[in-house]
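This report refers to the structure that appears directly beneath it.
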Amino acid sequence: MLTSRFAAKALARRALFSNAAIGGVRGMASTEAYDHYGKHVFTGSVADAYLKKHGASGAILKDPSWTKNHADVVAAAVLDWAIDNGANTYCHWFQPMASSGVRHGLTGQVQNMMMKFDRETNEVQFDFKGKDLTKGETDGSSYPNGGLRGTHCAGGYLAVDTSSPIFLRGDTIFVPSAFVSYYGNALDEKTPLLRANAALNKQGHRLLKHLGLDTESKGGLITNIGLEQEIFLIPREEYYRRPDLQMAGRTIIGKNAPRGQEMCDHYMAPLSSATSALACMQEIQEECWKLGIPLKTRHREVAPNQFEFAPLFGSNTTQIDQNVMVMQIIEEVAPRHGLAALLQ
């Protein structure tokens, strides 16, 4: 079962460690084999390097006003980053209201090429400006929205969420976004969260000011969370024999297991290579590390075939975006190892 692309990469990494140790090249604490961490997320040193080519720095991304004052600069840097990584497409990536459990990845997106086409000369040029990055428009009429069915009010409007970093996967740049109607009604799961964060920051600042604490000068109140992701990894041939697992993602038909959690023999037990579950979890972590998702912890959970991932904590908007992507990666990686993933 260890014939996947990830397994080959893992063996190469092991050989790197082994050869370096023998040749005395690598220091004992070297993280050279993990230099790809965060290379596909436009933040930190990655963003700083590309923004400096355009006379700016990564510091401008910390101020949400970049969408008004530096949008073209950021867009130019993102385009350079995209081209260097083989990407030619972008999308505003949002989380439609009530999407949980009914769509792959739980997200919405319309992917557009970062190009323009000259009809007269038949030439193609890259084209990606600040206005393309910061906002977008699409059809909002078919989402749960209180009946916005009239053509003149069916539009859905997208605005970049500056609290969550832009990232890259495959040939596509993903721009985390909020999704609202013309009159500002939320059509997604993120907009209410952003509004709640703003209200908490405003009222929290008022309260803490009376206690002698100045939060405004330190960037305001930041809401952190740490999301765990539990999954069941089921042999795919068995999954196709179970319509309840395919349709509902859980057991609906059949009888209860002969015992419950009496022995806890699966909980935190060693992750064995006897099945493909461990190789699957390793590849999931590898995919997430490229996106700067610190999926640090993995272990068996209580029920048979149940497992868990846990990242380091972070701001709630970033954590939720990352967790949504983790779930999509899990669903995509599992079949490569002959498994089906049931998300919890």
Whole-Hz couplings from phi, Karplus 6.51/-1.76/1.60, listed for region 173-180; x for Gly and Pro: 8, 9, 10, x, 9, 9, 10, 9
GLU308, GLU120, ranked by accessible area, largest first (probe 1.4 Å): GLU120, GLU308
Accessible solvent surface per residue of region 229-307, calculated while the other protein chains remain in place, 1.4 angstrom probe, Å²: 59
Acute angle (nearest 10 degrees) that the helix 190-210 long axis makes with the longest principal axis of the chain, alpha-carbon atoms: 80
The chain: angle of helix 277-290 to the longest principal axis, Cα-based, in degrees nearest 10: 20
Cα-based helix-to-principal-axis angle, 5-23 vs the chain, degrees rounded to 10: 80
Hypothetical label at HIS266: residues of region 296-317 whose amide nitrogen lies under 14 Å (7 Å Cα-Cβ projection): 299-308
The chain - convex hull of alpha carbons, volume per residue in Å³: 236
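With Kirkwood's inverse mean 1/r over C-alpha pairs for Rh, give me the Rg to Rh ratio of region 192-344, two decimals please.
1.11
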Spacing of the two label points (7 Å from each Cα toward its C-beta) at LYS39 and ASN112, in nm: 3.0
Region 41-87: Rg to Rh, with Rh as the Kirkwood radius over Cα pairs: 0.94
Accessible area of VAL160 in the full protein assembly, 1.4 Å probe (Å², nearest 10): 20
The chain, accessible surface, carbon-and-sulfur percent (1.4 angstrom probe): 55
FRET efficiency, 1/(1 + (r/R0)^6) with R0 45 Å, evaluated for SER100 and LYS52 via beta carbons: 0.65
FRET efficiency, SER65 to HIS299 (Cβ-Cβ, R0 45 Å, nearest 0.05): 0.60
Violating pairs (Cα-Cα greater than 27 angstrom) within the set LYS39/LYS129; LYS131/LYS218; LYS68/LYS202: LYS131/LYS218
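The values are calculated or read from the model by the stated rules, or taken from the named source; none is laboratory data. Small disclaimer: the values here were computed from a predicted structure and weren't measured. For neighbour counting, all protein chains shown are included, and Cβ atoms are generated from backbone atoms with ideal geometry for every residue, glycine included. Areas reflect the complete protein model, heavy atoms only, side chains present, ligands, DNA and RNA absent. Shrake-Rupley method; radii C 1.70, N 1.55, O 1.52, S 1.80 Å.
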